[in-house]
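The values are calculated or read from the model by the stated rules, or taken from the named source; none is laboratory data. A quick note: this is a predicted structure, and the numbers were derived from the prediction, not measured. Note that we place each Cβ from the backbone using ideal geometry, even for glycine, and neighbour counts take in every protein chain shown. Heavy atoms of the whole protein, side chains included, go into the accessibility calculation; ligands, DNA and RNA do not. Shrake-Rupley method; radii C 1.70, N 1.55, O 1.52, S 1.80 Å.
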Amino acid sequence: VQLVESGGGLVQAGGSLRLSCAASGIIFRFNPMDWYRQAPGKQRELVATITSGGDTKFADSVKGRFTISRDNAKNTVYLQMNSLKPEDTGVYYCRSPLTRSWGQGTQVTVSS
């Protein structure tokens, strides 16, 4: 299983970013997918989940600002992040919970 994140970067507070995670080695359409993040000095936390059927859940801290979606034809899951805040800074990882696989992460930095 390989998960490759992209789309991170430096953005000002209030800005937007879209992260992508391309998956291989799994039957993607049958797999739920998660986005996690880890801020400096903090534990990794679950940010968003999407089921194989497209149902979504979000951490309270990002509700109304982040959306998660998937394109099964491209084996890719996305995290659209709007109204970004400095506290959203961290390394963002995608995860396949059924295979317990992680991507390498992509850095998101939000400046105030």
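Take the conditions (1) in a loop (DSSP other than H, G, I, E, B); (2) open to solvent by 30 Å² or more (accessible area, probe 1.4 Å); ARG18 misses just one of them, which is (1). Candidates SER16, SER24: the one that is farther than 27 Å from PRO86 by Cβ and out of contact with any Gly (no Cβ under 9 Å at 6 or more places or on another chain) is SER24.
Note on the stretch 49-60: among residues that are closer than 16 Å to LYS85 by Cβ and touching a strand residue (DSSP E or B) at 6+ places or on another chain (Cβ under 8 Å), the one that is least open to solvent (accessible area, probe 1.4 Å) is ALA59.
Residue count for the stretch 26-60 under the criterion of being acidic (Asp, Glu) and either touching a helix residue (DSSP H, G or I) at 6+ places or on another chain (Cβ under 8 Å) or outside any strand (DSSP E or B) (or both): the result is 2.
If the condition is being open to solvent by 60 Å² or more (accessible area, probe 1.4 Å), part of a loop (DSSP other than H, G, I, E, B) and not charged (D, E, K, R), then the stretch 84-112 contributes LEU98, GLN104, SER112. Here is a check on your reading of the model: is ARG65 among the charged types (D, E, K, R), open to solvent by less than 50 Å² (accessible area, probe 1.4 Å), at pLDDT 95 or above and over 11 Å from the mean Cα position of the chain (by Cα)? It is true that ARG65 is among the charged types (D, E, K, R), open to solvent by less than 50 Å² (accessible area, probe 1.4 Å), at pLDDT 95 or above and over 11 Å from the mean Cα position of the chain (by Cα).
For the condition free of Cβ contacts under 8 Å to residues at least 24 places away in the same chain, loosely packed, with under 14 Cβ neighbours inside 10 Å and over 14 Å from the mean Cα position of the chain (by Cα), what is the one hit in GLY25, GLY41? That would be GLY41, the only listed residue that is free of Cβ contacts under 8 Å to residues at least 24 places away in the same chain, loosely packed, with under 14 Cβ neighbours inside 10 Å and over 14 Å from the mean Cα position of the chain (by Cα). Looking only at the stretch 28-38, residues that are more than 20 Å from SER112 (Cα to Cα), surrounded by 15 or more Cβ atoms within 10 Å (Cβ to Cβ) and not acidic (Asp, Glu) come to 6 in all.
Residue pairs whose Cβ atoms lie under 8 Å apart, separated by 6 or more positions or on different chains, with the first residue in the stretch 56-73 and touching a residue at least 60 places away in the same chain (Cβ under 8 Å) and the second open to solvent by 60 Å² or more (accessible area, probe 1.4 Å) and part of a strand (DSSP E or B), do not occur.
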